[in-house]
Amino acid sequence: MKIGTYLWRIVINIITLAVIIMIYSSIYDSDITIIISILIIIYLSIVSGVASLAWMHIEKSLIDYNRYKNITKMINKTSDEKTDFPSMSEVIDQTFNNPKEEEDQELKEAQEFIKNNKIKFYINMGFNSIFYIIAVVKLIDAL
């Protein structure tokens, strides 16, 4: 099933490549070529920027969550059991009503999501790079 989703992503990007090539092959005016190239470059810059930013945010959130779990474990290990104060993780669990099993399950689901979608992300970024190169070459050629 994973290979099918990767192949589907490749097919969609190849169709997009074919559309870009057909657009450029139907243009005979250099002014329109410049405009189309600039629009494609702007579109790819926005799409790539947003996708990269979202991907970075997802990975950073997982790193921060793992650090949070490690800090709470260290605090619980070093806290004195003779005090009447609850541990930090108990306060957080009571405040947010998140049992530890549920947190671990959410973390595993998020890690699976990243693992399953990382190759799709790189496929899209690779094809976007190809589209970007085509647009830049056509832009330079029209100037």
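What follows draws every value from the coordinates through simple rules; no lab data is involved. The structure displayed is predicted, hence computed values, not measured ones. Quick reminder, even Gly has a Cβ in these numbers, built from the backbone with ideal geometry, and neighbours come from all protein chains shown.
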Measuring from label point to label point, each 7 Å out along Cα→Cβ, what is the K73 to I3 span in nm? 3.7 nm
When V50, V136 are ordered from fewest to most other Cβ atoms inside 10 Å of their Cβ, what list results? V50, V136
Separation of the I58 and I32 label points, Cα + 7 Å toward Cβ, nm: 3.9 nm
